[in-house]
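Worksheet for the structure shown next.
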């Protein structure tokens, strides 16, 4: 009895008591992107505004970083080797994605999607409806918790290695011992991200840029991982809802055997059962509408993110393969983890949205398998509307044009490999 009371007290009171939701809120707060004001009426939590960490300030900052990277490329394009040029292109493209993502909170659809996810869609609010719903909630909770932890551990490993290798190369090459004469003759510092400066600098200037890069690499990493993490958490919950809906349809009550029969010798529902069938059909239709409407709203919020992300993967994929083709320790450490993280995120986002689409496709058969032949005309019409609504797969479209799924992912990876072969041939010649 005491043990059950202890477990009762450990039960979370809201979705925001879950570890992975707290983690998401923490990183979105760092980006000034958590909708505190919209959630205030429910959680009574005052907005946490960190100094210079609101999304408007970060947007201006990343515009400046992007322009600095472009100016660096313009002024050094003839001085950089082919592989150094590739590195600079990758960081500029990452800066571009950072600009797009830090500006996402401006969108009303984004803020509304996050609020609806926390207050309505999260399986926490639906686990009490049935024993199976609680089972699915527990399953999604475990998957979400482990996935979120894995993603952020991978992020920190990538940040450390991406910053460590340029520092190691500078120590190894003796760049810190360079004089003004040796700098003029070509000795220069390596950085994880290069910025345009109108003058050459020595150790003190390097230290300043090194510290700035730590902050920028960290910020850029969380813009990538945090939005991807949120989209993944949403998809896990939508997948759970589809599982529950399909289970409800597969366990739809059948007519009692003592009922009347129709001309096809099917046992008909009684009047009392028909009233219950009507209620159940309306509940399941409302459940399906809630899922489809939320995904339509999520498409507006995250469609631009996925569109630019696919474009980024298309361009950066072949460049990263080119950088890795050197097959030395420096290339593997510097670009190996980054490539793994970006590839993992591409596969992860595409695959889980494909899972939702596939799961929603199975609803059509589950709806058709309902005992419609045992219903009266009114309930059959209701069921027909339900069946018609289920014909459209539940998925996300990037900017309303590109389906987010494994086919798009495969096309991107195939094109990246083709461009890599072309660039590799060009570099060798």
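Values quoted throughout were computed directly from the atomic coordinates according to the rules given, and no laboratory measurement underlies them. Being a predicted model, the structure only gives us computed values, none of them experimental. With ideal geometry, Cβ positions are generated from the backbone for all residues, glycine too; neighbour counts draw on all protein chains shown.
Classified by the C-alpha gyration tensor, the chain has a prolate form. Its axis ratio a/c, with a ≥ b ≥ c, is 1.5 or above, and a/b is larger than b/c. On C-alpha positions alone, give me the angle between the axis of helix 82-102 and the longest principal axis of the chain, in degrees, nearest 10. Helix 82-102 sits roughly 50 degrees off the main axis of the chain.
Fewest neighbouring Cβ atoms within 10 Å first, the residues 362, 226 line up as 362, 226.
Segment residue 26..residue 252, full-extension length gain: 77.2 nm, with 0.36 nm per residue of separation and the alpha-carbon distance subtracted. On a 0 to 90° scale, report how tilted helix 131-173 is relative to the longest principal axis of the chain, with both axes built from alpha carbons and the result rounded to the nearest 10. Once rounded, one gets 10 degrees.
Classify region 1-138 from the C-alpha gyration tensor, please: rounded if a/c falls under 1.5, else prolate or oblate depending on whether a/b exceeds b/c. In terms of gyration-tensor shape, prolate. Of the candidates 377, 393, 286, which one comes out as most mobile in a Gaussian network treatment of the chain with C-alpha springs shorter than 10 Å? Largest GNM mean-square fluctuation: 377.
Extension gain for the segment residue 197 to residue 149, taken as residue separation times 0.36 nm less the Cα-Cα distance, is 13.5 nm to one decimal. The spread of Cα positions in region 285-398, taken along each principal axis and listed from longest to shortest, comes to 72, 25, 17 Å.
Spin-label pair residue 417-residue 391: with each label point 7 Å from Cα along the Cα-Cβ axis, the two points sit 3.7 nm from one another.
Contact order, relative form, for the chain: 19 percent (alpha carbon pairs under 8 Å, 6 or more residues apart, mean separation divided by residue count). Quick one: Cα centre-to-centre distance for region 155-171 and region 51-97, in angstrom? If we compute the Cα centre of each part, the gap is 18 Å.
Helix 406-428 and the longest principal axis of the Cα set of the chain meet at an angle near 20°.
The calculated 222 nm mean residue ellipticity attributable to helices in the chain amounts to -24500 deg cm²/dmol, summing -39500 (n - 2.57) over DSSP H runs of n ≥ 4 and dividing by all residues. Please give the FRET efficiency for residue 77 paired with residue 48, using the beta carbon to beta carbon distance and R0 = 60 Å, rounded to the nearest 0.05. It comes out at approximately 0.90. The order of 315, 99, going from fewest to most other C-beta atoms within 10 Å of their C-beta, is 315, 99.
To make sure I understand, if each residue's beta carbon is the centre and we count other beta carbons within 10 Å, what order do 38, 131 fall in, fewest to most? So the ranking, lowest neighbour count to highest, is 131, 38.
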